[in-house]
1. State to the nearest 20 debye the size of the charge dipole of the chain about its Cα centre, where the only charges are +1 on K and R beta carbons and -1 on D and E beta carbons.
2. So, in the chain, how many Lys pairs have Cα atoms under 28 Å apart, if the pair is 8 or more places apart or on different chains?
3. Could you order peptides 106-116, 160-170 by the average number of other Cβ atoms within 10 Å of their residues, highest first?
4. Kindly state, to the nearest 0.05, the FRET efficiency for Arg503 paired with Arg141, given R0 = 60 Å and r defined as their beta-carbon distance.
5. I'd like the Karplus ³J(HN,Hα) series for the stretch 649-660: coefficients 6.51, -1.76, 1.60, θ = phi - 60°, whole numbers in Hz, and an x wherever there's a Gly or Pro.
6. Per 0.36 nm of contour for each residue apart, how much would the distance between Leu604 and Ala700 grow if the chain were fully extended, relative to their Cα-Cα spacing?
7. Which one, [x] 62.0; [y] 34.2; [z] 36.3, gives mean projected area of the Cα convex hull in nm² as derived from the coordinates shown?
8. Please work out whether the stretch 714-761 counts as rounded, prolate or oblate from its C-alpha gyration tensor, where a ≥ b ≥ c are the square roots of the eigenvalues and a/c under 1.5 means rounded, while otherwise a/b larger than b/c means prolate and anything else oblate?
Amino acid sequence: MPERLPKRSTYVGLFMVTLSTLMYEIALTRIFSVTMWYHFAFVAISVALFGLTVGALLVHLLPGRFRDVDLDRHLWLFALLFGLSIGVCIAIQLSIKVVPRLTAAGVLSVMATCLVVSIPFVFSGIVVCLALTRFPTRVNRLYAADLIGAGLGCVVLVILFSRLDGPSLVVGIGALAASGAFAFGVGGAAGLHRRRRAVVAALAVAVLGVVAIGNAYLHSNGDAVLRVRWAKEVREPDHDLEEWNAFSRITVGDEVRGRPAGFLSPTFPEDTAVRQRGMVIDSTAGTVLTAHRRGADADFLRYDLTYLAHYLRSESDVAVIGVGGGRDVLAALEFGQRSVTGIEINGNILEAINGHYGDFTGHLDRDPRVTFVRDEARSYLARTDGKYDIIQMALIDTWAATSAGAYALSENSLYTTEAWDLFLDRLRPGGVLSVTRWYRFADQPPLETYRTTALAARALERRGVARPRDHILVYEGPSVGLAASGATILVSPDPFSRADLDRIGGEVERLRFRPILTPETAIDPPLRAIAAPGGPSDAVDRFDEDISPPTDNRPYFFQMADIETFLNGKGFGDDFVFRPVLVLLILGATVLVLASICIALPLLLDRRPRPPRVAPFYTYFAGIGFGFLLIEVSQLQRLSVFLGHPTYSLTVVLFSVLIFSGLGSMVTERFVRTDRPVSQLAPLVALLVVVVAFGIVTPAVVSSLDGATTPVRILVAVALLAPLAFPMGMPFAVGMRLAASRDGVPTAFLWGINGATSVCASVLGIVLSLFFGIATAFWVGALAYVVALASLTVLTRTRGAVPPKEAPEPDTGRAPVSVATR
């Protein structure tokens, strides 16, 4: 019987399905960060990997349902179901009110959401499994189509997110998936069925495309039918403006006139009212657009705790990190500062304040003293030669997950000791770094202020400062709603002079703010200990919470729980400080159980006799599954800090890893032979050598190029990843060829083990990075590859291999090729 070969349409169909799969997977992280609390965004990745694995295992467990004779129909049918289910499931998911709490209703809402969004991934997993296991002699070419489709999906998603809102984009992704069904349909056997399948798939593409475009048009007019209905447990209100991109979703409300927002002094005249519009980023982080006319006063800003630094340094050059609604820039102008540089990474925010609402805000961009820079602040300050008298950061948060939130869990490159070393270097003599954070929030202790002060003390200690307290001023403002108050921390590389203390002391007394920590006053004992001579380490160790200064290796400013927190019985309540980590640990336990089921269930249900010495195959594929994901996750996090935003990291890392690992997999066909053990071991040995070299060299390279422009840093990231990703694509192909050459080895099940361990590693990588650092996750991944090498060594020493030309066709079933399953 002649061998069946894939048609050109098979490659096209697989390409479109895998492109759509990755786009849907990443788009969900963006939508989850809007509809749920930010720490749930990474759940989308784990759910996607699990759904893909389930799809592949269904093919493995139900061989009678997936016969070769029905291959054309199944490829078409499940690609079609994949596309249609994306549109249906996103509509259902947006209507679910998610309550992420440890209650029956809360757990049910989270489970319902995860179940709904996983359905399309199951269909995708079936398609990919069938395509790559039914054409064994062309698997390398199909694998390339798979990888290239997934890799390009990263880039296409970022581009489309600048054109479409989130829900409309997801429906559009469904249309792209249905186009894969169209390709499978036109490539089937000639006859009536082929024409019908092509027509049905084309109709699905047209319907989904029209819905996506129509909803996007309605969204531009504020009347979208498919839109976010529940966000952060509350009904989503109407907005005057709603804009999406790969960074965030911003919404702007209607104009209101009343008391200005901010940490205003008790002496503020209560009869003063200003016109404002609220701007909210991902339904969580809020800022305001303030109405202003060129030349008009904005003296109400002089009553705000946030702007105390302007009383210390007049006629100054100011850098504002994160311009938000433009309020900080306006305040600098109100104080008569010489120049203001506003640094903002999110182009939609700049367009809102200077474009859409430019007339409302007074077109701050047209003031000759103002320069707006669209860039990541740390990178910009690292490469600029300019010096500033004031650098200001006011409530700069990344609580809302970006596209890489699945892996990042809110890492923030602005609140690390390395970043603050840079900020202090960019100050002129006597310059001031002004940082505003929350002090009291409900009944919580002032952990943010403690950690910010510890970060300042550590940065000063690294500069050789013996008495950090002489360089730090902390003041608290009045409470604003929910019994919350803010604190402004002023840090200078030089000691504050007597004149400085008299000047700021007089203003603070006049405005009736409260001094918390100065060289002469310390009403908060923990703060006094944190700023004491010798550095903050001793004081930090006394806390049950983790308030240690974050570093680039552990850049998690907002996560203040560690393992001891839970071992001591804390963190299991509804405490918002610990909730993200608790969710992560619960997810970790859940995916561990589900992965165990995915492995144990086929073993229990499969009654076919197992060949001898098959266990090393299990440990081998588990090892490369863990290794691939842990290294990938660690690089997503490390390069997020280097590239300045997780969106850049996600796009660059996934694109590079997918493309170059695919090339590596294809190369194995040329030199790996099942009858030559050395050729099988060589790729893993080479990979371990590259991994060790990469782990040693990369931190130094990243640190030395921190100030390069964004395009240069992207090129450097690709150049670093290419030699690592190329051999990372080899072990899976080597293992599958070896397994296919042994009688009775369940190749489909080995794909399933690889997929299940990938699900576990996606969460384990975050846990390791969060508690022990990004480098730890990387080296544990390297250790997993060592386990795989040991297993492969055992396999190559066992007998029973058959000549390659007689190798049996692989079993019909395969774990999904996804972002992380290789």
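1. On the way: 74 positive and 71 negative charges, 677 e Å.
With only Lys, Arg, Asp and Glu charged at Cβ, the dipole is about 3260 debye.
2. Working: Lys7/Lys805; Lys97/Lys232; Lys97/Lys570; Lys232/Lys570.
Step by step, the pairs that qualify in the chain add up to 4.
3. Working: 106-116: 16.6, 160-170: 21.5.
Highest to lowest by the protection proxy: 160-170, 106-116.
4. On the way: r = 72 Å, r/R0 = 1.21.
That pair, Arg503 with Arg141, gives E of 0.25.
5. 4, 4, 5, 5, 5, 5, 4, 5, 5, 5, 5, 6
6. Values: separation 96, 0.36 × 96 = 34.56 nm, distance 4.91 nm.
Value of the extension gain: 29.7 nm.
7. For mean projected area of the Cα convex hull in nm², the calculated option is [y].
8. Working: a/c = 5.96, a/b = 1.99, b/c = 3.00.
Note, shape of the stretch 714-761 comes out oblate.
The values are calculated or read from the model by the stated rules, or taken from the named source; none is laboratory data. Bear in mind the structure is a predicted one, so any value in this text is a computation, not a measurement. Every residue, glycine among them, receives a Cβ derived from its backbone with ideal geometry; neighbour counts consider all protein chains shown. Heads up: the accessible areas ignore ligands, DNA and RNA and are worked out on the full protein's heavy atoms, side chains in. Shrake-Rupley method; radii C 1.70, N 1.55, O 1.52, S 1.80 Å.
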